[in-house]
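Written below as structure tokens is the structure these notes are about.
What follows draws every value from the coordinates through simple rules; no lab data is involved. Here the structure is a predicted model, which is why all the values come from computation and not from measurement. Methodologically, a virtual Cβ is constructed for each residue, glycine included, from the backbone with ideal geometry; neighbour enumeration extends over all protein chains shown.
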Amino acid sequence: MTDSVDKRQRAIQFRHRLGQALSRRGMSQSALARATGVDRSTVSQLLKGTGARLPNAQVIGECASALGVSTDWLLSLSDRPETAADLLATSLTLTAAPRALVDEQIFAWHQEAAGYKVRHVPAALPDMLKTRAVLEWEYTPHLGRTTSQAIGASEDRLHWMRAARSDYEIALPLHEMDSFARGEGYYRGLPAATRREQIEQFIELNEALYPRLRLYLFDARRLFSSPITVFGPLLAVLYAGQNYLAFRDSVRVQALTAHFDQLVRQASVSDREITAHLTRLLRQT
């Protein structure tokens, strides 16, 4: 929603945005005149006039349609130039989520959000913090002989993510970390030595990267969360198993951001307590 503007200012902004749209579209004034059914002199007046009057709704609508923008944007009622149909088409996308370490789409989203805070609730332990031994145990059944190559490529990208300007907040269910430490459920069969090495790496990374990396543990019995990642104000991605649901409209991004922040506020183990909690788990593993 844009701020309220007076009649003259709205007319000035209309002329400016009409000129912007023409330039972006690569359309001449003559072509716009033909597309809208008005004289070329009328188009010239729309662009160069100095008065406070706006053209009638029919002309504005025809200009918007010809230029592929919304009438609300031309009239400074919206800051988004896309039409309602375009906004609907891009507000939600469904992308395949491969069972693989090297995920081109995820990496592209991280690159796009460089400099913004990334909020993350992983499906299990976060890949970017796992030891090589845990990655091999987890992915070898799916990747076979290519596991080592995939891990190498993943480590390169995770190194980029760690070195990027983004801050990372990661919230995990409390039971996920406890199950890992005890080798229960999903982690059954993972050797104790491998689990201890992983917990030690969590502690080392937390101490080395804090406060750019903040880890939290929340009680899923009090507040549940599906696996999500919020890339600053740009998009929010919900992991649905075989697919990612990516939202780019600000309302949903803000809603999922608020949800994540609630997880952090109600965390059973805060970012300042995580080292002590992991140290206790390490003694019990």
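Across the chain, the relative contact order, built from alpha-carbon pairs under 8 Å that are at least six residues apart, equals 20 percent. The DSSP beta bridges internal to the chain are antiparallel in roughly 65% of cases.
Highest mobility in the GNM of the chain, judged by mean-square fluctuation with C-alpha springs under 10 Å and restricted to LEU209, LEU235, LEU263, is found for LEU209. Using the Karplus relation 6.51 cos²θ - 1.76 cosθ + 1.60 with θ = phi - 60°, the per-residue 3J(HN,Hα) values for the range 181-195 come to 4, 8, x, 10, x, 3, 9, 4, x, 7, x, 4, 4, 5, 5 Hz, with x marking Gly and Pro. A simple spin-label model places pseudo-atoms 7 Å from Cα toward Cβ; at ASP249 and ARG283 they are separated by 5.2 nm.
With the chain treated as a Gaussian network of Cα nodes joined by springs under 10 Å, which of LEU174, LEU74, LEU217 yields the largest mean-square fluctuation? Judging by the Gaussian network model, the answer is LEU74.
One entry in (i) 162; (ii) 137; (iii) 128 is volume of the Cα convex hull per residue in Å³ calculated from the shown coordinates; its label is (i). Using the Kirkwood radius over C-alpha pairs as Rh, can you work out the diffusion coefficient of the range 110-183 via Stokes-Einstein at 4 °C, viscosity 1.567 mPa s, in µm² per second? After rounding, the answer is 94 µm²/s.
For a straight C-alpha distance cut-off of 24 angstrom, the lysines reachable from LYS48 (same-chain residues fewer than eight places away being disregarded) are LYS7. Couplings 3J(HN,Hα) for the range 13-29, derived from phi with the Karplus relation 6.51 cos²θ - 1.76 cosθ + 1.60 (θ = phi - 60°), are 5, 4, 4, 5, 6, 4, x, 4, 5, 4, 5, 5, 7, x, 9, 7, 5 Hz, where x marks Gly and Pro.
Sequentially through the range 144-149, phi angles give Karplus couplings (6.51, -1.76, 1.60; θ = phi - 60°) of x, 5, 8, 4, 4, 5 Hz, Gly and Pro residues having no value and appearing as x. Residues whose amide H falls under 5 Å from that of ASN243, counting only those 5 or more places apart or on a different chain, are ALA97, with hydrogens built in the peptide plane.
Could you tell me which of rounded, prolate or oblate describes the range 174-220, using a ≥ b ≥ c as the square roots of the eigenvalues of the alpha-carbon gyration tensor, with rounded for a/c under 1.5 and, failing that, prolate when a/b is larger than b/c and oblate otherwise? Because a/c hits 1.5 or more and a/b fails to exceed b/c, the range 174-220 counts as oblate.
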